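The values are calculated or read from the model by the stated rules, or taken from the named source; none is laboratory data. Quick caveat: nothing in here was measured; it's all calculated off a predicted structure. Backbone-built Cβ (ideal geometry, glycine too); neighbour counts: all protein chains shown. Heavy atoms of the whole protein, side chains included, go into the accessibility calculation; ligands, DNA and RNA do not. Shrake-Rupley method; radii C 1.70, N 1.55, O 1.52, S 1.80 Å.
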Amino acid sequence: MTSRNCCLQPELVTPAAIEIHQVHKRFGSVQALCGIDLTVQQGEFFALLGPNGAGKSTLINILAGLALADSGRLAVLGHDVRADYRQARRSIGVVPQELVYDAFFTVREMLRFQSGYFGIRNNKAWIDELLERLALTDKADAYVRHLSGGMKRRVLVAQALVHKPPVIVLDEPTAGVDVALRQSLWAFIRRLNQQGHTIVLTTHYLEEAEALCNRVAMLKQGQVVALDTTANLLSRHAGIQLRLKITPPCLPDALQELSCGRDGEVFKLSLHHHAELENVLAVLRESGVEVEDLEVVKPDLEDVFLELVKS
Amino acid sequence: MTGLLTLFYKELLRFWKVSLQTVLSPLVTTLLYLLIFSHVLESHVQVYSEVNYTAFLVPGLVMMAMLQNAFSNSSSSLIQSKMTGNIVFMLLPPLAYWEFFVAYVAASVARGAVVGLGVGLAGLWFVPLTLAHPLWMLAFAVLGCAILGAAGIIASLWADNYDQMAAVQNFIIVPLTFLSGVFYSIHSLPPFWQAVSHANPFFYLIDGFRYGFFGVSDVSPLLALTIVATCFLALSLATLLLLKSGYKLRK
Ligand SMILES: Nc1ncnc2c1ncn2[C@@H]1O[C@H](COP(=O)(O)OP(=O)(O)OP(=O)(O)O)[C@@H](O)[C@H]1O
Ligand SMILES: [Mg+2]
């Protein structure tokens, strides 16, 4: 066993954090997922983006065993979610999108039960740390039904982390959480990522995904329409936009093909690379046009998102 | 084992936290039955020659309360978790389907035992009771609660809303418990209804349970135990298969 392993490539020995192969799922007449293929490596900070109804939660639910795929294979750290469900579930912590709670119990009771379900008897130190990190310490003995929406969401995050899962999946963890706490929540999640936990998140706040995630998958109608590093997606899809104010206010013919609209006196040109900027300025100089104002606008994930969703 | 024990403990704590509703209220209802029926029927109903009617009634009422509360416990807990969505907390961890089953059934037995003990002790105030065969009594009590605990799991898995759940309770469980010989010996029934009663598994539970107290019964306790144990095994198997398949839990 050992002797065989030492001859393999390192990437063959360490399994991917998440492996999804040809997953299909249908709800009645709705084809929620059609042939999803996705691999997330250990240690990644991964975003799963897409419009409402794209199938993000469905995919997460199937990965967590909350729903069953019609076909396809899924594994967490190499453990098949059906055949080896115990190991798979021990390896993953999921924050569900729905704000659910048990009206009978307090925050601390919920966290103790959740630890117990994962086979952990005495988890007080880690529960206390989770409460502290998620600013819930003074609510520890309050009934969850008495907490505000944002606090309930943070309890869900704490519940997902009781067993220190190597793979953490957060389905819109910041919906309804205020700005300050969102920042501290991300700081906490980022630290977990630095400690080696793999993070997968969905969010509709695209600036969050852009700031945090090194790789992005975009889902649309149950299909992966883009899968790349955040940096590549940004540069490949939306290029940059140049905003010009010129006298006389008339764009030279040679630049017409770059034009992407006009905003009053401002001409908008879309470029693929910064390198093209030089060419644009040269054309303007040769045509005797004077530049009064120039602005370079970088695209963000939102532009990429809108472009992909539209197409 | 920790997962199973935690789930069991959570279920105990759940009914204990609302014990006014889950323990005290069935206790009061059952005692009202005892008060009224024993008063009205004492001199009219002939049961076993050597047992007076109130003494006959008490074990029947104890068993009825146990069965109904065992059913309520698993069914109301699960349907609430399903409807509010917090069932995910139990579906995400690596709990095996059989652990789920054992925890819910054990909690049902516990709730049944607490309510049954309460009714039994209160009954002593009305009439002195002796235990002829305590182990027989215990066997029927535990099997009865376990059967109803399992039935509660099946019903709450099947039901899509509280209304359907209430329908099972009111149209199946309550009639079956009432028509099982709690208030009368089936020997006092016309032959047709005697035959019908023999098709009701609850009849064997009550009859066998009563045997534990008086040492007399309508049918042989061994036959009753065999039928009851078979029911328990069949229902457990059905429940386990449903849980394993993820029926209405894992979409
Ligand atoms: N239990 C269900 N029964 C029937 N249809 C469902 C069910 N769950 C999801 N769907 C359908 O599957 C599709 C994908 O839903 P899903 O919840 O995965 O979307 P999402 O990408 O998470 O959207 P959002 O951003 O709004 O959370 C939708 O069309 C939805 O209506
Ligand atoms: Mg969703």
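Quick notes on this structure:
- The long axis of helix B:25-41 is offset from the longest Cα principal axis of chain B by roughly 20 degrees.
- Computed over neighbours whose Cβ is under 10 Å from that of A:GLY119, the net charge equals +3, Lys and Arg +1, Asp and Glu -1.
- Taking B:LEU57, B:LEU225, B:LEU41 in turn, the Gaussian network model of chain B (Cα-Cα springs below 10 Å) assigns the largest fluctuation to B:LEU41.
- Placing unit charges on the Cβ atoms only, positive for Lys and Arg and negative for Asp and Glu, gives chain A a dipole magnitude near 1800 debye about its Cα centre.
- Among B:TYR53, B:TYR211, B:TYR97, residue whose mean-square fluctuation peaks in a GNM of chain B (springs only between Cα atoms under 10 Å): B:TYR97
- At least 50 Å² accessible surface lost relative to isolated chain, residues of the stretch B:216-250 (1.4 Å probe): B:ARG250
- Interface size B-A, as summed buried accessible area [1.4 Å probe, Å², nearest 100]: 2700
- Crossing angle, helix A:179-194 versus chain A [Cα axis fit, 0-90 degrees, rounded to tens]: 70
- An ellipsoid equivalent to the stretch A:238-310, defined through the eigenvalues of its Cα gyration tensor, has semi-axes of 23, 13, 10 Å when rounded to whole angstrom and sorted largest first.
- Of the Cα atoms belonging to the stretch A:184-311, the radius of gyration and Dmax stand at 18.9, 58 Å.
- Surface/4 estimate of mean projected area, convex hull on alpha-carbon atoms of chain B, nm²: 13.5
- Degrees separating the helix A:124-133 axis from the principal Cα axis of chain A, which is the longest one: 20
- Neighbour cut-off at most 15 other Cβ (10 Å), DSSP loop, trypsin sites (Lys or Arg not before Pro), the stretch A:25-100: A:ARG82
- Heavy atoms of A:HIS146 accessible to a 1.4 Å probe, total area in Å² rounded to 10: 130
- Using the 1.4 Å probe convention, the accessible area of the protein assembly as shown works out to 46 Å² per residue with neighbouring protein chains retained.
- Whole-number D in µm²/s for chain A (Stokes-Einstein; Kirkwood sum over Cα pairs; 25 °C, 0.890 mPa s): 111
- Projected onto its three principal axes, the C-alpha set of the protein assembly as shown covers 122, 62, 47 Å, listed from the longest axis down.
- Total formal charge among the other residues, if their Cβ is under 14 angstrom from that of A:LEU244, Lys/Arg +1 and Asp/Glu -1: -2
- Share of carbon and sulfur in the accessible heavy-atom surface of the protein assembly as shown [1.4 Å probe, %]: 59
- Pairs over the 24 Å Cα-Cα cut-off, from the set A:LYS25/A:LYS164; A:LYS268/A:LYS310; A:LYS245/A:LYS298: A:LYS25/A:LYS164.
- Full extension of the chain segment joining A:ARG262 with A:GLU207 gains 17.2 nm, where the gain is 0.36 nm per residue of separation less the Cα-Cα distance.
- Legend: mean number of C-beta atoms from other chains within 10 angstrom of residue C-beta atoms, peptide B:91-99, equals 6.
- Cβ-based net charge around B:LEU13, under 14 Å, with every Lys or Arg adding one and every Asp or Glu removing one: +3
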